[in-house]
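Take a look at the structure set out below.
Every number in this text was worked out from the coordinates using simple rules, so none of it is lab data. Computed from a predicted model, the values in this text were never measured in an experiment. Note: ideal-geometry Cβ built from the backbone for every residue, glycine included; neighbour counts use all protein chains shown.
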Amino acid sequence: MTDSAEFTVFTDPTEVAALCGRLKHSPFVTVDTEFIRESTYWAQLCLIQIASPDEVAIIDPLAPGMDLAPFFALMADETVLKVFHAARQDIEIFVKLSDAVPRPLFDTQVAAMVCGFGDQVSYDQLVQRLAGKQIDKSSRFTDWARRPLTGKQLAYAAADVIYLRDVYAGLQADLEERGRTQWVSEEMAILADPATYRTHPEDAWERLKMRVKKPRQLAALQALAAWREREAQQRDQPRGRVLKDDAIYELAIQQPRDAEALAQLRSLPRGFERSSAGRGILEAIASALALPEADLPHLPRQRPAPEHASAAADLLKVLLKMVSEQHRVASRVIATSEDLEQIAVNDEPDVPAMHGWRRELFGELALSLKRGDLALALSRRGIVAMDTTKEAAAAE
């Protein structure tokens, strides 16, 4: 155990268990991780930073004999709130290692958007604005798997949870003052859902651009993407190291049936056709070629947008900006561009902007704007909304 002025580094599993025993009596803990994944499919956990109101610690998962079971038990303890900033990747790592999502959760990035700090505000910006501190970023690109880490590198890592306590306190007070704690709770339900972190190789093709034009080609693309995903997971290598996207597109279109045809493709390295990966690719293509016509996937088709749909979407963007500024909520957390496009062509689209607090804040106004019951005008105060139904009634 190595001491520092502000934090302690834990390398002994017995002491980690004692640490977690102490922390479970705290109302909340701030949590962050350092990891690397440049050369792997799965992120390699290198450090865990955790802090309570009274203690700051760094756990070294790479220390010999380290047992993280007490830490994961703490993450599962529902009496202790876990505070993260941009929690998705950290939780993804924990789910992979423990098969459980930490709960309950509070994500300061989401809370900051709800409190009007802008879209995807950085931790550094929040620390500066809410804690009045400037973080030294010079250790940001550390190889966190290398040992020993310097005191400067460890201090940088510890800062991610030290100041997060102040950020959390500031945002929580702001949310309570504005009556928006439930808004963040709705977002945390998504983060806490284990389904958010499940990977399905059969869906891997959705990451790719749609460069195929025939159902059989799409079937091949789906089979190849699923094969690559499984292979990358099994080898623990990045997808692009197993097979590049350009190769998948060419394979899906050319559909080689044997090693000789595979060897003719420019996107594959010489000799690839004789490898086990080459055989796996041919098997994936063969499975797509064997599908009956009736079972082939349908190419995604974009329905022609109704007349004036583009103009309606543009008006909705102006309305969104007005609502965002008036209520000091980041526009991105209220509605996405895709939400606006769906609202423009459909009166009751199943998009987040039309549910819960978002509908109350923006969705109903959007529908009123579409119906003509609401108009937007430019005044000295900026964009304002006018109720046209009242004006029409007054005119009568």
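What is the ratio of the Cα radius of gyration of the stretch 324-381 to 2.2 N^0.38 Å, with N the residue count, to two decimals? Could you put the intermediate results ahead of the total?
On the way: Rg = 11.6 Å, N = 58, 2.2 N^0.38 = 10.3 Å.
The stretch 324-381 yields a ratio of 1.12.
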Using only the alpha carbons of the stretch 61-106, what is the convex hull's orientation-averaged projected area in square nanometres? 3.4
Okay, helix-only estimate at 222 nm for the chain: each DSSP H run of n ≥ 4 adds -39500 (n - 2.57), divide by all residues, round to 500 deg cm²/dmol; what do you get? -13500 deg cm²/dmol
Mind listing the phi-derived Karplus ³J(HN,Hα) values for the stretch 128-134, rounded to whole Hz, using 6.51, -1.76 and 1.60 with θ = phi - 60°, and x for any glycine or proline? 5, 7, 9, 10, x, 10, 10
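Could you quote the convex hull projected area for the stretch 238-396, Cα atoms only and averaged over all directions, in nm²?
On the way: hull surface 63.4 nm².
Over every viewing direction, the Cα hull of the stretch 238-396 projects on average to 15.9 nm².
Mean separation of Cα pairs under 8 Å and 6+ residues apart, divided by the residue count of the chain: what relative contact order is that in percent? Numbers along the way, then the final one.
Working: 542 pairs, mean separation 51.2, N = 396.
Once normalised by length, the contact order is 13 percent.
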Using amide H atoms built 1.01 Å from N in the peptide plane, name the residues 5+ places from residue 118, or on other chains, whose amide H lies under 5 Å from its own. 330
Rg and Dmax of the stretch 92-220, Cα atoms only, in Å: 19.6, 58
Check the stretch 2-197 and count each lysine pair with an alpha-carbon distance under 23 angstrom, considering only pairs eight or more places apart or from different chains. 6
With only Lys, Arg, Asp and Glu charged, each at its Cβ (+1 for the first two, -1 for the last two), find how big the charge dipole of the chain is about the Cα centre; round to the nearest 20 debye. 1260
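Based on the alpha-carbon gyration tensor of the stretch 2-197, what equivalent-ellipsoid semi-axes (square roots of 5 times the eigenvalues) come out, in whole Å, largest first? Don't jump to the answer; show the numbers that get you there.
Numbers: eigenvalues 125, 74, 57 Å².
They are 25, 19, 17 Å, listed from largest to smallest.
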With springs only between Cα atoms under 10 Å apart, run a GNM on the chain and tell me which of 13, 148, 102 wobbles the most. 148
Take the Cα pairs of the stretch 150-247, get the Kirkwood Rh, then feed it into Stokes-Einstein at 37 °C and 0.692 mPa s and tell me D in µm²/s. 184
Restricting the stretch 306-346 to GluC sites (Glu not before Pro) in coil, as DSSP defines it, with at most 14 other Cβ within 10 Å: 307
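Over the stretch 201-295, what is the relative contact order in percent, taking alpha-carbon pairs closer than 8 angstrom and at least six residues apart?
Working: 96 pairs, mean separation 29.8, N = 95.
Answer for the stretch 201-295 is 31 percent.
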In whole Hz and in residue order, list the ³J(HN,Hα) couplings for the stretch 10-19 that follow from phi through the Karplus curve 6.51 cos²θ - 1.76 cosθ + 1.60, θ = phi - 60°; x for Gly and Pro. 9, 10, 9, x, 5, 6, 5, 4, 5, 4
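Normalised radius of gyration for the stretch 155-194, please: alpha carbon Rg relative to 2.2 N^0.38 Å, two decimal places. Don't skip to the answer; put the middle values down first.
On the way: Rg = 12.9 Å, N = 40, 2.2 N^0.38 = 8.9 Å.
This ratio for the stretch 155-194 stands at 1.45.
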Based on the alpha-carbon set only, what is the convex hull volume of the chain divided per residue, in Å³? 197
DSSP-assigned coil residues among trypsin sites (Lys or Arg not before Pro) in the stretch 276-351, each with at most 13 further Cβ atoms within 10 Å: 301, 328
Amide H contacts under 5 Å for residue 10, placed H, 5+ residues apart: 58, 59, 60
How far, in nm, would the chain grow between residue 199 and residue 336 when pulled straight, counting 0.36 nm per residue and subtracting the alpha carbon separation? 47.0 nm
Here the FRET efficiency for residue 245 versus residue 67, based on Cβ atoms and R0 = 45 Å and rounded to 0.05, is 0.70
Loop-only trypsin sites (Lys or Arg not before Pro) in the stretch 193-267, please: DSSP not H, G, I, E or B, and at most 13 other Cβ atoms within 10 Å. 198, 209, 213, 257, 266
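Please report, largest first and rounded to whole Å, the three semi-axes of the ellipsoid equivalent to the stretch 1-106, where each semi-axis is the square root of five times an eigenvalue of the C-alpha gyration tensor.
Details: eigenvalues 75, 60, 33 Å².
Working from the Cα gyration tensor, I get semi-axes of 19, 17, 13 Å.
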Can you give the alpha-carbon Rg of the stretch 201-295 over 2.2 N^0.38 Å, where N counts its residues? 0.99
Give me a comma-separated list of calculated 3J(HN,Hα) values for the stretch 89-102, in order, Karplus coefficients 6.51, -1.76, 1.60 applied at θ = phi - 60°, integers in Hz, x for any Gly or Pro. 5, 4, 5, 4, 5, 5, 5, 5, 8, 10, 6, 8, 8, x
Lysines within cross-link reach of residue 370: Cα-Cα under 26 Å, excluding same-chain residues under 8 positions apart? 317, 321, 390
Non-local residues with an amide H under 5 Å from the amide H of residue 47, with H modelled 1.01 Å from N and Pro and chain starts lacking one, are 34
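With the contact rule set at Cα under 8 Å and sequence spacing of 6 or more, what percent relative contact order holds for the stretch 325-396?
On the way: 51 pairs, mean separation 12.5, N = 72.
Rounded, it is 17 percent for the stretch 325-396.
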